[in-house]
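Take a look at the structure set out below.
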Amino acid sequence: MKKEQVEVLIVGAGPAGSVAAGLLRRRGIRVLVIEKEQFPRFSIGESLLPQSMAYIEEAGMLQAVVEAGFQYKNGAAFSRAGRHTAFDFREKFSPGWGTTYQVQRADFDNVLIREAEKQGAEVRFRHVVEAVDVSGAQPLVTVRDPDGQAYVVEPRFLLDASGFGRILPRLLQLESPSNFPVRAAIFTHVEDRIPVGAFDRNKILISVHPAHTDVWYWTIPFSNGRCSQGVVAEKSFLDRYPGGEMAKLRTVVFEEPGLARLLGDAGWDTPARQIVGYSANVSSLWGKGYALLGNAGEFLDPVFSSGVTIAFKSASLAAGCVARQLAGEPVDWDTDFAKPLKAGVDCFRTYVEGWYDGSFQKVIFHAEGAPEIRKMISSILAGYAWDRENPFVAESKRRLNVLEQLCSA
């Protein structure tokens, strides 16, 4: 069987893989990206957070993203039982980007990986990883090409950016159960036909079901008059509704009066899809000769659109560690990669859990929030979950508990 060598092999050409490839190429490291799909291809996770922009800029891909014509985004709007509130991400506690984009991921992911190619990364689409052996001095990865021919890649380091494919967790038995309930998301893209002025297209809209506060909807507008529309609930809740995915989605969406008004004239022209049990965890984010990026390592929940930001953060941390290791410098992957990555993930986890138990919803919909506290919350919603200067990051659980009590008084 043919064998080839490369400095770094990246599995997956999504956001984590593309940014990692760009960062490594900017350090002069030879990179091969293996991707099982042909791009462009459909994906969800379409509402970016401003923190993401720093990593896109770091990878040298900012101009391409800016020029792609995506929908400008400056915040998040929330709606529950006739109550509305919004956070402008430009009014935040943390320094850094306050605006970003809402993107159709087929186009966005394609922009990123093509930029990685321009920077010198080799990308092979429709190549499938079949086996991984990390028992030797270097990883051995067996790949099958589109013609059915198998070959082996021997990288000095392996990065798994396979997203929900979770290649290494599956092949190396790294899967660990998530502590989140089994939830499902049903979603589609629609021609929204929302009247001009009836909706702030510069913000994602998060709506709460009128009778079930743990059931919520996303409405993500794009720049072409379309939007991504989805609902998230425990699977048992969605199973109560008859019909297929589209019938379930439309019925649940129109139970929320605000969405029923916004989308009353929408064209539901794209088949709906469903994903179930998407929350995931692993026993370790790294091992001898490899590391896990983005959703391949851990995915919490889509409610605050943190997935792509976590993917980019993991790519940035990992690229720095890989570059130092290949240069012969000592690297402590736990201290330099896993712990700092998980610090932000755990911050997001606090507010995701708070959303579903209702404590964070009390904060978001509180009518008299102090401006400085709103700026701190806005920073977290904007993706700045690693800013330890923010008290609601540094002490997320304690601070949220205190704030809930104040909002309940």
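Could you work out the helix-only [θ] at 222 nm for the chain, with each DSSP H run of four or more residues adding -39,500 (n - 2.57) and the total divided by the number of residues, to the nearest 500 deg cm²/dmol? Numbers along the way, then the final one.
Values: 14 runs with 135 residues, N = 409.
Result for the chain: -9500 deg cm²/dmol, rounded to the nearest 500.
Going by alpha carbons, how many degrees (0 to 90, nearest 10) lie between the helix axis of 307-326 and the longest principal axis of the chain?
With rounding to tens, the tilt is 20 degrees.
Under the 0.36 nm per residue contour assumption, what length would be gained going from the current alpha-carbon distance of ARG26 and ARG83 to full extension?
Between ARG26 and ARG83, full extension yields an extra 15.8 nm.
Ranking request for peptides 20-30, 328-338, 166-176: highest mean number of other beta-carbon atoms within 10 Å first, then the rest in descending order. Walk me through the intermediate numbers first.
Values: 20-30: 22.3, 328-338: 13.8, 166-176: 17.5.
With the highest mean Cβ count within 10 Å placed first, the list reads 20-30, 166-176, 328-338.
Relative to the present Cα-Cα distance, how much length would full extension add between ASP265 and THR99 at 0.36 nm per residue of separation?
56.8 nm
What percent does the relative contact order of region 347-408 come to when contacts are Cα pairs within less than 8 Å and at least six residues apart?
Once normalised by length, the contact order is 41 percent.
For the chain, take the longest principal axis of its alpha carbons; what is the angle in degrees between that and the long axis of helix 371-381, to the nearest 10 within 0 to 90?
Between the helix axis and the principal axis of the chain, the angle is about 40 degrees.
For the pairs LYS235/LYS339; LYS36/LYS92; LYS3/LYS342; LYS2/LYS36; LYS342/LYS375; LYS203/LYS397, note any where the Cα-Cα span goes beyond 29 Å.
Violating the 29 Å Cα-Cα cut-off are LYS235/LYS339; LYS36/LYS92; LYS3/LYS342.
With +1 on each Lys and Arg Cβ and -1 on each Asp and Glu Cβ, how big is the dipole of the chain about its Cα centre, in debye rounded to the nearest 20?
Charge dipole, the chain, about its Cα centre: 100 debye, nearest 20.
Scan region 348-400 for trypsin sites (Lys or Arg not before Pro) in coil per DSSP, keeping those whose Cβ has at most 13 other Cβ atoms within 10 Å, and list them by number.
Qualifying residues, ordered by number: ARG388.
Using the charge dipole of region 177-310 (Lys, Arg: +1 at Cβ; Asp, Glu: -1 at Cβ; taken about the Cα centre), state which of GLY307, PRO242, ILE220 has its Cα farthest towards the positive end.
Highest projection toward the positive end goes to GLY307.
For a quick check: with amide H placed at 1.01 Å from N, whose amide H comes under 5 Å from PHE89's, ignoring anything fewer than 5 positions away on the same chain?
Residues meeting the criterion, in which the H sits 1.01 Å from N, are GLY75, ALA76.
Return the ratio Rg/(2.2 N^0.38 Å) for region 222-317, where Rg is computed over Cα atoms only. Can you show the working numbers first?
Details: Rg = 17.4 Å, N = 96, 2.2 N^0.38 = 12.5 Å.
Normalised Rg, Cα atoms only: 1.40.
Give me the percent relative contact order of the chain, please, defined on Cα pairs under 8 angstrom at least 6 residues apart.
Working: 846 pairs, mean separation 87.0, N = 409.
Answer for the chain is 21 percent.
Order 234-245, 68-79 from most to least packed using the mean count of other Cβ atoms within 10 Å. Provide the component values of the computation, followed by the final result.
Values: 234-245: 13.6, 68-79: 19.1.
Going by the mean number of other Cβ atoms within 10 Å, highest first, we get 68-79, 234-245.
Sorted from largest down, what three extents in whole angstroms do the Cα atoms of the chain have along their principal axes?
Computed over the chain, the largest-to-smallest principal extents equal 62, 45, 40 Å.
Neighbour counts of other C-beta atoms within 10 Å: give me CYS407, CYS347, CYS227, CYS321 arranged from fewest to most.
On the way: CYS407 18, CYS347 24, CYS227 27, CYS321 21.
Going from least to most buried by this count: CYS407, CYS321, CYS347, CYS227.
Around PRO181, with a cut-off of 13 angstrom between Cβ atoms, what is the net charge of the other residues, counting Lys and Arg +1 and Asp and Glu -1?
Residues near PRO181 contribute -3 overall.
Give me the angle, in degrees from 0 to 90, between the Cα long axis of helix 15-25 and the longest principal axis of the Cα atoms of the chain, rounded to the nearest 10.
Roughly 40 degrees between the two axes.
Each reported figure results from applying straightforward, stated rules to the coordinates on display, with no laboratory input. Remember, it's a predicted structure, so these values are computed and weren't measured experimentally. Note that we place each Cβ from the backbone using ideal geometry, even for glycine, and neighbour counts take in every protein chain shown.
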